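Following: one structure in structure tokens, then a few remarks.
The values are calculated or read from the model by the stated rules, or taken from the named source; none is laboratory data. Being a predicted model, the structure only gives us computed values, none of them experimental. Quick reminder, even Gly has a Cβ in these numbers, built from the backbone with ideal geometry, and neighbours come from all protein chains shown. Areas reflect the complete protein model, heavy atoms only, side chains present, ligands, DNA and RNA absent. Shrake-Rupley method; radii C 1.70, N 1.55, O 1.52, S 1.80 Å.
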Amino acid sequence: MAPVAVSLITRAELAVRGVRMDAPVRRRGGAGPSDDGHVLLGGRGAAVPLDPASPYSVEAGRLLFEGMDAGVEVDLVARPTFYDLETADGVPYHRLARLHGADVLATTVIQTCIRYAEATRCRFCAIEDSLASGSTTRVKSPEQLAEVAEAAVRLDGVRSMVMTTGTTATPDRGARHLARCVRAVLRAVPGLPIQVQCEPPDDPEALAALKAAGATSIGIHVESLDDAVRARWMPGKATVSLARYEAAWDEAVQLFGRNRVSTYLLVGLGEDPDELVAGAARLIERGVYPFVVPVRALHGTLAEADGLVSPPVELVADVTGRVAALLREASMVGAEQVAGCAACGACSALAAAGG
């Protein structure tokens with residue numbers, strides 16, 4: 001089905017208020033700020049929080065609001081065939097990589113983080129909670145990921161891949177293992193677009209190694225450009241200065257190209273919305289795509305323990321709409337990144353606003 005327009009306010013409502021449905025493909029907890037059920041919303045991939053209290057529901061392939069048809073077709077993403085397979089040494093493929101949206105394969109290659117102690121942990125992240133639950137493995141080997149990627153492409157039509165990593169104590173911050181994994185996957189599936197994601201490395205050659213391995217794009221995620229917000233929400237990452245992030249973004253743009261570098265900006269952390277949009281504008285000027293997403297209290301996070309309340313729908317729609325307008329003016333479209341969060345777009349309302 002060709003994508004049809006879904007209004008920004010509807011997409012923002014779903015991103016914040018979620019939906020009542022039984023999604024065969026879902027992600028709970030884990031690295032990063034999103035956990036959701038995966039659907040095609042008006043033909044476009046969307047990751048929507050599953051909330052039994054939401055006024056939205058899905059019935060007979062239609063989105064309903066309080067029981068009334070909202071005018072949007074919804075297709076549930078089917079459970080992929082590769083989930084039923086396992087490696088020769090008995091590791092289920094779904095513990096090594098997961099389907100995101102309809103056609104994106106995603107994995108966290110190292111499922112531990114040096115910042116996961118409570119005093120330094122990002123309050124929206126549950127990277128080690130999913131490891132403790134047994135839903136994933138601590139370290140994915142390049143050979144394992146190559147095997148899973150080949151099967152996912154062959155059996156389920158996967159078109160791109162995202163590889164992220166917990167931050168390591170080594171100067172490369174996990175980038176070197178990412179590079180090994182990229183090379184192995186591309187040997188098994190030549191030409192598969194791959195986005196890699198890591199903190200700014202201290203190793204001066206690490207970003208170049210990722211590009212040389214064959215990565216298509218890169219995410220270097222800061223989540224907020226406000227130092228006070230960073231200190232509260234991600235005290236460990238906040239020890240990496242914004243100047244260091246800026247240097248890493250600039251180097252990455254030189255290596256990967258304009259609009260092949262992205263960063264998350266989270267709405268709802270307390271940052272002034274006008275300053276958030278102004279920061280997004282500065283990122284766009286650098287050639288970096290600001291992937292705007294509402295913060296959520298994922299299962300297993302400190303934010304969940306805090307009782308985090310989702311940001312107002314109006315705030316999410318306002319910030320998203322303004323950032324999307326800046327992206328359009330700069331001719332930066334997320335889909336042009338080919339691989340990664342901005343290319344997929346499922347966790348954000350930016351695509352609904354033309355970003």
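General observations
- Of all accessible heavy-atom area on the stretch 75-166, the percent that carbon and sulfur account for (1.4 Å): 49
- Using θ = phi - 60° and Karplus 6.51 cos²θ - 1.76 cosθ + 1.60, couplings along the stretch 263-275 (whole Hz; Gly, Pro as x): 8, 6, 10, 9, 8, x, 8, x, 6, 4, x, 5, 5
- A straight chain from residue 258 to residue 183 at 0.36 nm per residue would run longer than the Cα-Cα distance by 24.7 nm.
- Percent antiparallel among DSSP beta bridges (both partners in the chain, rounded to 5): 50
- Solvent exposure of the chain, expressed per residue, is 39 Å² of accessible area, with all protein chains present and a 1.4 angstrom probe.
- Solvent-accessible area, 1.4 Å probe, carbon plus sulfur percent, for the stretch 247-355: 50
- Sites excluded, GluC sites (Glu not before Pro) in DSSP loops with at most 14 other C-beta within 10 Å, longest stretch of the chain: 206-355
- Of 114, 220, 194, the residue with the greatest mean-square motion in the GNM of the chain, using alpha carbon springs below 10 Å, is 114.
- Summing charges over all other residues whose Cβ lies under 15 Å from the Cβ of residue 265, with Lys and Arg as +1 and Asp and Glu as -1, gives -4.
- Computing P(r) over Cα pairs in 20 Å bins from 0, in percent for the structure here picks out one of (i) 17, 24, 21, 17, 16, 5; (ii) 28, 50, 20, 2; (iii) 32, 62, 5, namely (iii).
- For the chain, the list of Cys residues with no other Cys C-beta under 4.7 Å reads 113, 181, 198, 341, 344, 347.
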